[in-house]
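Asks: Below you will find the structure I want to go over with you.
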Amino acid sequence: MPEVDPNDDPASGLSQELTKLVLRAERRSGRSVDRADLARRLNISVGSLYAYLKGTTVPRSPLFERLITALGASGSELGRLSSLRESAELSQRLRRHRSTGRAKRGTGRSTSIPQQLPSVTDNFVGRRYELAVLDKLLDEASTAAGTVVITAIDGTPGVGKTSLAVRWAHQVAEHYPDGQLYVNLRGFDSRALMATTEALHGFLVSLGVASDAIPGEQDAMSALLRTLLADRRVLLLLDNARSDHQVRPLLPAAPSCLVVITSRNRMDGLVVREGARRVLLDVMSKEEARAVLTGLLGVERVEESSRAADDLVELCAALPLALGIAAARVASRPTQSMAALVTELGDVRARLDFLGSDDPDVDLRSVFHWSYAALPPDGARLFRLLGTHPGPDADEDACTALLGVSTAPRQELSALVKANLVVERSPGRFGMHDLIRGYAEELADEHDTDERRAVTRRILDHYLDAANAADQQIQPGGATVRSTAPVPDALPSHYSDAMSWFTSTFPVLRAAIALAATSGFESHAWRLAHACTVFLRRSGRRADRVAVHRTGVDAALQAGDRRSYANELRLLADALARTGQRDDALDLLHTSLAESINLGDDDACRQAHLSFVRLLEGERTFEDALQHALRALHLARDKDLLAQADGLTAVSRQLCLLGEAEKALSFGTRAREFYIRLGQLEGEASILSTIGLAQQQLGHHGEAIASYERSVELDRILGDAYWEARALNGLADVYYLLDEQEEVRLLRAQALEILESLHHPDAEAVRRHMT
């Protein structure tokens, strides 16, 4: 190897030679060399490729040979370039040696290169997307001169931030030949928070500074660290940080350095001031989580209990730490089936016990506690009470109700989001996974025992009033039973807002109904179920409708409220009829009507008769249905216009189905007038379908088309997909009589698409009409 002249710069010469190779390759091919494609072929990042071509980093020998071969070097040129690479590498070593010699004379520093990265765990799997994001951030930053690369990885406790950071740090360590520094800052740990001065002292010693040469003041220590790193390529992994204030003095200023920070808290200050790239680490995908179990338990055990393995992933919230603990427990019970174990873990507190350990670093409760303990008092209280909240997420109004305050707790929510204990899943809606929720509820049992019943009442009152207010927007004039709590200002004030609110909030409302039924608030259960009825009917959620009214029936019976019991029986019968369970529905309606008669409740009797009409129409016993319709109309004679209109509609419909179109049209026209006077769009849409059918029977096809089209228009405004499909099918019948076959096909296709999306049994009848 030729002797190296200290005054020469072999790295610069190597860069020039590589540039010539690139230019020559471009002349041969007639196009530019695709750097990204070349990097992929060499299995390196684009940033690393640029560093090699610029001469800022000298590649190792095997990689260098692949690089120059890819660029077209051959024969003696290969040997010459390899010798130049060795000269450049030796030159960099000599430069570092001279630099460390100067530092040693001034500070007592040794020449050792720190290599402090923890080992990579064998069971690390997945995270390909996040690793690619980190690679991309490094590539982008490598082209921005004058900035140190800072990547802040944050996420919920136990999500695997350290594992990801350590894995990636090992992957890029070769680009930082002057060393890799690591420190656990104990931001969330069983031990005390590490002082920044302690971390600085450890770094300075690792870089060779004698203890007696280290300044006593933090600012001076930080300045010395920046000085020592000024002309070096060093990677710093700052693990488990509490705040940006803790890590800021540890940051170098050299653009050649890389800093990776992990924290449970969001490092917003570093993003704003230092330009840190934030990487939020979420729980694993189901595929990655299953791969974790497979890696720890083996393919055979996971495959033979495939369903149980998927259930275990869900029970562990796809949280890597929980999965690792669970897998260790499963492995320790080789004779017990995974399915039996999963059954034991249905209760979240049993799950937390199962995921416990004497080692606080792998005890899930301890890991969660370190984040909880760092919260401000008001944030800690909100966290505990969110554990008692029904359903998967809560908005600001719900949080206000939980706390029993008058203004939204935005500061407390911000603290929980920053700590990654709560996630803002959609704008204004905050949730947590089941394991953290279970831990929060345990804390509420411990610290908020005296307040628990009052908290439950407040949140149920909130959802009852919110649901009633939304119900009034989608069905004006309906009966509601409110709590005594003040109604929040931010409730839906328009039809579309109300439907959207119900759609996003229904999982919470269903959980609230269940909570009310089992916690001594039975009346809230059936009142909430009643408030959801119109939304569930219009959105085609037949199974949910049955479920909430079953709970409502049980709750009313438990409370001994006979009127509410009769009402819920009727609503459950309506729901069952929509799912085809007509015999069960008929039995419930008879019981409901008998209860209402015994109570002397004429209006409940009227509504029961209307339910009989709908059910008997489905059975095609139109004469019986007409008798119930006439009774409902008779009971409505002294009632409000809406009751009268509903009775007229029922009579009109059955007369039409019995072929008495003229009479049907007369009753229907009066009903429509009442609905228009009331602004009751749902009733108007319903009677228009009947009017359209009557006009069709009388041969008034143009009028029938106009009636059906208006019905479709109103159903679309209401978002009532099922009745829209019914009206479309009726409209198709009119066009069929006019022999407009293309129009018939289009209308039936639209109706069929809606019914199939609702998984409704009526789809089969429409499908038969199309063949």
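Asks: Only one of these conditions is not met by residue 200: (1) touching a Lys or Arg at 6+ places or on another chain (Cβ under 9 Å); (2) modelled with pLDDT of 90 or more; (3) open to solvent by less than 10 Å² (accessible area, probe 1.4 Å). Which number is it?
Replies: Result: residue 200 passes all but (1).
Asks: Which of (1) among the aliphatic types (A, V, I, L, M); (2) under 18 Å from residue 685 (Cα atoms); (3) at pLDDT below 90; (4) open to solvent by less than 80 Å² (accessible area, probe 1.4 Å) is the odd one out, the single condition residue 717 does not satisfy?
Replies: Answer for residue 717: the failing condition is (4).
Asks: Another question, if that's okay. Which one is farthest from the chain's Cα centre (by Cα) among residues in region 658-686 that are surrounded by 18 or more Cβ atoms within 10 Å (Cβ to Cβ) and among the hydrophobic types (A, V, I, L, M, F, W, C)?
Replies: 661
Asks: Report, by residue number, each residue of region 355-377 that is loosely packed, with under 14 Cβ neighbours inside 10 Å and either part of a loop (DSSP other than H, G, I, E, B) or of a type in the set (A, V, I, L, M, F, W, C) (or both).
Replies: Passing the criteria: 358, 359, 373, 376.
Asks: Taking the options 278, 307, 290, name whichever one is in a strand (DSSP E or B) and at pLDDT 85 or above.
Replies: Exactly one of 278, 307, 290 is in a strand (DSSP E or B) and at pLDDT 85 or above, namely 278.
Asks: Moving on to the next point. Does residue 522 fit the bill of being in contact with a Leu (Cβ under 9 Å, 6 or more places away or on another chain) and under 26 Å from residue 387 (Cβ atoms)?
Replies: yes
Asks: Residues of region 221-263 being more than 30 Å from residue 421 (Cβ to Cβ) and part of a loop (DSSP other than H, G, I, E, B), which ones?
Replies: Within region 221-263, 229, 230, 231, 232, 233, 234, 252, 253, 254, 255, 256, 257 meet the criteria.
Rundown of residues vs (1) open to solvent by less than 50 Å² (accessible area, probe 1.4 Å); (2) without any contact (Cβ under 8 Å) to a residue 60 or more places away in the chain; (3) within 22 Å of residue 514 (Cα to Cα); (4) not polar (S, T, N, Q), yes/no style:
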{"residue": "410", "(1), (2), (3), (4)": "no, yes, no, yes"}
{"residue": "421", "(1), (2), (3), (4)": "yes, no, no, yes"}
{"residue": "425", "(1), (2), (3), (4)": "no, yes, no, yes"}
{"residue": "435", "(1), (2), (3), (4)": "yes, no, yes, yes"}
{"residue": "453", "(1), (2), (3), (4)": "no, no, yes, yes"}
{"residue": "466", "(1), (2), (3), (4)": "yes, no, yes, yes"}
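Asks: From the list 260, 272, 283, pick out the single residue that is at negative phi, open to solvent by less than 40 Å² (accessible area, probe 1.4 Å) and either touching a residue at least 60 places away in the same chain (Cβ under 8 Å) or not small (Gly, Ala, Ser) (or both).
Replies: Going through 260, 272, 283 in turn, just one is at negative phi, open to solvent by less than 40 Å² (accessible area, probe 1.4 Å) and either touching a residue at least 60 places away in the same chain (Cβ under 8 Å) or not small (Gly, Ala, Ser) (or both): 260.
Asks: What are the residues in region 409-432 that are part of a loop (DSSP other than H, G, I, E, B) and touching a strand residue (DSSP E or B) at 6+ places or on another chain (Cβ under 9 Å), if any?
Replies: Result: 420, 422, 428, 432.
Asks: Separate question: Going through region 736-756 one residue at a time, which ones are within 20 Å of residue 714 (Cα to Cα) and either in contact (Cβ under 8 Å) with a residue 12 or more places away in the chain or part of a loop (DSSP other than H, G, I, E, B) (or both)?
Replies: Hits for region 736-756 are 747, 748, 749, 750, 751, 752, 754, 755.
Asks: Could you tell me which numbered condition residue 336 fails, if it satisfies all but one of (1) in a helix (DSSP H, G or I); (2) open to solvent by 40 Å² or more (accessible area, probe 1.4 Å)?
Replies: (1)
Asks: Pick from 40, 31: which is assigned to a helix (DSSP H, G or I) and at pLDDT 80 or above?
Replies: Residue meeting the stated conditions: 40.
Asks: Also: Only one of these conditions is not met by residue 172: (1) open to solvent by 40 Å² or more (accessible area, probe 1.4 Å); (2) closer than 23 Å to residue 136 by Cα; (3) in a helix (DSSP H, G or I). Which number is it?
Replies: Every condition holds for residue 172 apart from (1).
Asks: So which residues in region 744-755 are closer than 15 Å to residue 538 by Cα and open to solvent by 20 Å² or more (accessible area, probe 1.4 Å)?
Replies: Listed by number, the list holds a single entry, 754.
Asks: Same structure again: Hey, can you tell me all the residues within region 339-354 that are surrounded by fewer than 18 Cβ atoms within 10 Å (Cβ to Cβ), in a helix (DSSP H, G or I) and charged (D, E, K, R)?
Replies: Result: 344, 349, 353.
Asks: Taking region 554-576, which residues are surrounded by fewer than 22 Cβ atoms within 10 Å (Cβ to Cβ), small (Gly, Ala, Ser) and in a helix (DSSP H, G or I)?
Replies: Within region 554-576, 559 is the sole residue that qualifies.
Okay, residues lined up against (1) surrounded by fewer than 22 Cβ atoms within 10 Å (Cβ to Cβ); (2) on the phi > 0 side of the Ramachandran plot:
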residue	(1), (2)
167	yes, no
187	no, no
194	yes, no
208	yes, yes
211	yes, no
231	yes, no
238	no, no
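Asks: Now a separate question. Out of all the residues in region 579-632, which are under 21 Å from residue 562 (Cβ atoms) and among the hydroxyl-bearing types (Ser, Thr, Tyr)?
Replies: The answer is 591, 592, 596, 611.
Asks: Among the residues of region 571-596, which ones are within 22 Å of residue 535 (Cβ to Cβ) and among the basic types (Lys, Arg)?
Replies: The answer is 578, and nothing else.
Asks: List the pairs whose first member sits in region 656-678 and is closer than 16 Å to residue 704 by Cα, whose second member is outside any helix (DSSP H, G or I) and open to solvent by less than 60 Å² (accessible area, probe 1.4 Å), and whose Cβ atoms are under 8 Å apart, counting only residues at least 6 apart or on separate chains?
Replies: Taking only residues 6 or more apart or on different chains, the pairs are 661/698; 662/698; 665/698.
Asks: Could you give me the residue pairs with C-beta distances under 6 Å whose first residue belongs to region 599-621 and is assigned to a helix (DSSP H, G or I), whose second residue is among the acidic types (Asp, Glu) wherever it lies, and which are 6+ apart or on separate chains?
Replies: Close Cβ pairs satisfying both conditions: 611/574; 616/624.
Asks: May I ask you to verify whether residue 441 is of a type in the set (Asp, Glu) and closer than 11 Å to residue 388 by Cα?
Replies: Answer is yes for this residue.
The values are calculated or read from the model by the stated rules, or taken from the named source; none is laboratory data. Fair warning: this is a prediction, and the values are worked out from it, not measured in the lab. Because the Cβ atoms are built from the backbone with ideal geometry, glycine has one as well, and the counts that use them run over all protein chains shown. The protein model used for the area step is the full one, side chains on, heavy atoms only, and it has no ligands, DNA or RNA in it. Shrake-Rupley method; radii C 1.70, N 1.55, O 1.52, S 1.80 Å.
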